[in-house]
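The values are calculated or read from the model by the stated rules, or taken from the named source; none is laboratory data. No experiment lies behind these values; they were computed from the predicted model shown. We place every Cβ from the backbone using ideal geometry, glycine too, and count neighbours over all the protein chains shown.
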Amino acid sequence: MTCWKEIELSDRKQVNDILCASGCHGADYSFANLYIWRHAYKPVFCTKGQRIIVGMPHYKLYAYPKGAGDLRPSMEFLLDEAHKNNHKLKIRGLTDKTLEEFLPLYGNSFEITEDRDSADYIYTADKLTNLPGRKLSSKRNHINKFLRNGSWEFHPVVAASCASRSSFDLPEGQVASLAEAKAFVNEFYQEKADPELKEESLAIKEMFDNYESLGFLGGLLYQNEQPVAFTAGTRLDDEVFDIHFEKALPGVEGAYPMVNREFARLVVETIPEISHFNREEDMGIPGLRKAKESYHPDILLMKYFATEK
């Protein structure tokens, strides 16, 4: 009898408790990511003791069992699962840290290969909120250009209406409604007119539909009283905040570094314990890689595949 089940909102606490205990800073284990992308990747999960296993049977691929306690029951379960379905076991999402426990037990049976396209870009809160030093001078210059092009505001995005607050202890000030953020994102996708963004647009819709239930915090940037950029994320663990989405209208100079900086400042003011931001992977897209590298990550959280020999 299988223990696999589809991801449901009611699983959030159980999954987060296991992942937070593991000290994992990887965005691919974020419950919010698993849930909002579930239609695209069709993940299922299973718990074995104090570990969680995420599978994507459609791709014959499994995530490394995260959590605490003995690794072997989870691995034996996955080996049996793969062999039962007539393929060798392939695991994704290993990091340098998890390789330390995996290799002594299974290193002779698996080939390890680097998965650079899935490496997470992690930055200190100070770097994103203050943009210090010569290496980030271009970001400050872009922000200055944004500031010269008119008045601006940045408002947290909350669920019900502009009159309500959210489950976060937000700083005093005006807030933007979820409806306004949705309208902006719809405009963004119309401007881009890119059919390859269909799955992403569906994931963002899932985010909006379950905004508070998934623990999202977002922000909307305005220039000359018009929204020009939106961003949103969730808390990944005690110290790390995960930026899931960041969208700015084409042609608005400096909108991306401005919304990045202002949102980082909002997160740190709202959740003072946050010391790092995970801006997720670049998926091997050259422009996205260049943009993420331009912030000079403090940690490039490398990922690895382990494929059964």
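A few comments on the model shown:
- In region 273-301, of all residues being part of a helix (DSSP H, G or I) and among the charged types (D, E, K, R), the one that is surrounded by the fewest Cβ atoms within 10 Å (Cβ to Cβ) corresponds to Lys290.
- The lone criterion from (1) at pLDDT 90 or above; (2) more than 30 Å from Ile204 (Cβ to Cβ); (3) not β-branched (Val, Ile, Thr) left unmet by Ala68 is number (1).
- Top-ranked residue in region 82-96 [being free of Cβ contacts under 8 Å to residues at least 40 places away in the same chain and part of a helix (DSSP H, G or I); ranked as farthest from Glu293 (Cα to Cα)]: Lys84
- For region 289-298, the condition holds for no residue, the condition being that it is touching an Asp or Glu at 6+ places or on another chain (Cβ under 7 Å), without any contact (Cβ under 8 Å) to a residue 60 or more places away in the chain, of a type outside the set (Val, Ile, Thr) and closer than 19 Å to Ala32 by Cβ.
- Per the conditions (1) within 14 Å of Asp120 (Cα to Cα); (2) touching a Gly at 6+ places or on another chain (Cβ under 6 Å), the sole criterion not satisfied by Leu266 is (1).
- Residues of region 201-242 classified as in a loop (DSSP other than H, G, I, E, B) and of a type in the set (Ser, Thr, Tyr), total: 2
- Residue identified as in a helix (DSSP H, G or I) and either surrounded by fewer than 18 Cβ atoms within 10 Å (Cβ to Cβ) or not hydroxyl-bearing (Ser, Thr, Tyr) (or both) among Asp169, Asp117: Asp117
- Boolean, Ala306 is farther than 24 Å from Leu61 by Cβ and either hydrophobic (A, V, I, L, M, F, W, C) or in contact with a Pro (Cβ under 6 Å, 6 or more places away or on another chain) (or both): no
- Filter pass, Tyr64 being assigned by TED's automatic domain parsing to the domain that holds Asp11, surrounded by 13 or more Cβ atoms within 10 Å (Cβ to Cβ), touching a Leu at 6+ places or on another chain (Cβ under 8 Å) and among the hydroxyl-bearing types (Ser, Thr, Tyr): yes
- A single member of Ala264, Ala291, Ala229, Ala248 is small (Gly, Ala, Ser) and not assigned by TED's automatic domain parsing to the domain that holds Phe154, and it is Ala291.
- Checking every residue in region 260-271 against the condition of being assigned to a strand (DSSP E or B), more than 22 Å from His39 (Cβ to Cβ) and of a type in the set (Phe, Trp, Tyr) gives zero matches.
- If the condition is being among the hydrophobic types (A, V, I, L, M, F, W, C), within 21 Å of Met75 (Cα to Cα) and in contact with a strand residue (DSSP E or B) (Cβ under 7 Å, 6 or more places away or on another chain), then region 8-33 contributes Val15, Ile18, Leu19, Ala21, Cys24.
- Of all the numbered requirements in (1) buried (at least 19 other Cβ atoms within 10 Å of the Cβ); (2) of a type in the set (Gly, Ala, Ser); (3) closer than 22 Å to Leu301 by Cα, Gly107 misses one, and that requirement is (1).
- Filter pass, Ser164 being touching a strand residue (DSSP E or B) at 6+ places or on another chain (Cβ under 8 Å), closer than 22 Å to Val267 by Cβ, of a type in the set (Gly, Ala, Ser) and modelled with pLDDT under 85: yes
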